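Heads up, the thing below is written out as structure tokens.
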Amino acid sequence: MSETLKGACLCGKVEYEVKDPEGLGYCHCSRCQRWTGSSLAGVVVAKENFHFTQGEDLVTCYESEFAPRNFCSNCGSSIYDDLGEKYFVAAGLMRELDMEPSFHLQVAYKAGWMEIPGNAPQYAEGM
């Protein structure tokens, strides 16, 4: 049985579906901190399992030094980072998401005030 999650940006003009999510994790790098104001919670999904259902024409890409970051040009909501074969889709946009975190990346760069709860594996850099 496959699982499909639906997400939408803050203004609701961009909507998408994620099929068969592979895991939920957090990136604590300084780039994600600057992008979101904190760590970025994201769902890992194969590129072919991510589909816009509305508003794809509003999605703008920022070419960062690590991965292209895609966001709504109307409200600024982070939508996903393009990691090549995988997308890291912003978890906060999927209201029905019911997954436990399975990893924390870039923990060596986390904000000093950030406490990481739970037992999910923590990686100083990548996995």
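The values are calculated or read from the model by the stated rules, or taken from the named source; none is laboratory data. This one's a predicted model, so the numbers in the text were calculated from it and none came from an experiment. Methodologically, a virtual Cβ is constructed for each residue, glycine included, from the backbone with ideal geometry; neighbour enumeration extends over all protein chains shown.
Among the candidates Leu40, Leu97, Leu83, single out the residue that is surrounded by 14 or more Cβ atoms within 10 Å (Cβ to Cβ), under 26 Å from Ala120 (Cβ atoms) and touching an Asp or Glu at 6+ places or on another chain (Cβ under 9 Å).
One residue alone meets the criteria, Leu40.
In this structure, does Glu17 turn out to be touching a strand residue (DSSP E or B) at 6+ places or on another chain (Cβ under 9 Å), assigned to a helix (DSSP H, G or I) and more than 19 Å from Gln106 (Cα to Cα)?
No; evaluated as a whole, the condition is false for this residue.
Across the range 1-22, the number of residues qualifying as acidic (Asp, Glu) and touching a residue at least 40 places away in the same chain (Cβ under 8 Å) comes to 2.
When only residues in the range 66-80 that are of a type outside the set (A, V, I, L, M, F, W, C) and within 25 Å of Asp20 (Cα to Cα) count, which is surrounded by the most Cβ atoms within 10 Å (Cβ to Cβ)? That would be Tyr80.
Count of the range 6-23 residues, restricted to those that are surrounded by 19 or more Cβ atoms within 10 Å (Cβ to Cβ) and touching a Leu at 6+ places or on another chain (Cβ under 7 Å), is 6. Taking Tyr62, is it at pLDDT below 95, loosely packed, with under 13 Cβ neighbours inside 10 Å and either assigned to a strand (DSSP E or B) or under 10 Å from the mean Cα position of the chain (by Cα) (or both)? For Tyr62, the condition - at pLDDT below 95, loosely packed, with under 13 Cβ neighbours inside 10 Å and either assigned to a strand (DSSP E or B) or under 10 Å from the mean Cα position of the chain (by Cα) (or both) - is met. Please find, within the range 100-123, the residue that is nearest to His28 (Cα to Cα) out of those that are of a type in the set (Phe, Trp, Tyr) and surrounded by 14 or more Cβ atoms within 10 Å (Cβ to Cβ). It comes out as Tyr109.
Yes or no: Asn119 of a type in the set (S, T, N, Q), touching a residue at least 60 places away in the same chain (Cβ under 8 Å), more than 16 Å from Thr4 (Cα to Cα) and part of a loop (DSSP other than H, G, I, E, B)? Against the criterion (of a type in the set (S, T, N, Q), touching a residue at least 60 places away in the same chain (Cβ under 8 Å), more than 16 Å from Thr4 (Cα to Cα) and part of a loop (DSSP other than H, G, I, E, B)), Asn119 does not qualify.
The number of residues in the range 23-56 being free of Cβ contacts under 8 Å to residues at least 24 places away in the same chain and not acidic (Asp, Glu) comes to 2. Pairing each residue of the range 57-79 that is more than 18 Å from Cys32 (Cα to Cα) with any residue that is β-branched (Val, Ile, Thr) and in a loop (DSSP other than H, G, I, E, B), provided the two are 6+ apart or on different chains, yields C-beta distances under 8 Å for Leu58/Val14; Val59/Val14; Asn74/Val14.
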